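The values are calculated or read from the model by the stated rules, or taken from the named source; none is laboratory data. Just so we're clear, the structure is a prediction, and the values are computed from it rather than from any experiment. No Cβ is skipped: glycine too gets one built from the backbone with ideal geometry, and neighbour counts run over all protein chains shown.
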Amino acid sequence: MYEIIISVVTSLVSGFIFWLIFTKIPEIIRYRKVRPVVEYDVNVISVYILFYLQMAFDNRGMRPSVSQNKIKANIFSEE
């Protein structure tokens, strides 16, 4: 009985170690490589959307007269 418990525990520990080495660590490495690229793209898209919204609300030319904080907070309306 004691040998069976030892073999089951050893099997679980080795399974966890192999899962950690072959699945979890490569997933973490991929996440760290992709995350900065995605965050940069989202930031660029956000800036472009804010610029186009500001152009739509601006009626005096290309001056930044509309408060960008109001647009981001969604409290600025066309009226």
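Structure summary
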quantity	calculated
Where a residue in region 50-61 is modelled with pLDDT under 65 and its partner, wherever it lies, is among the β-branched types (Val, Ile, Thr), with Cβ under 6 Å and at least six apart	none
Lys24 vs. criteria surrounded by 10 or more Cβ atoms within 10 Å (Cβ to Cβ) and either part of a helix (DSSP H, G or I) or of a type in the set (Val, Ile, Thr) (or both)	yes
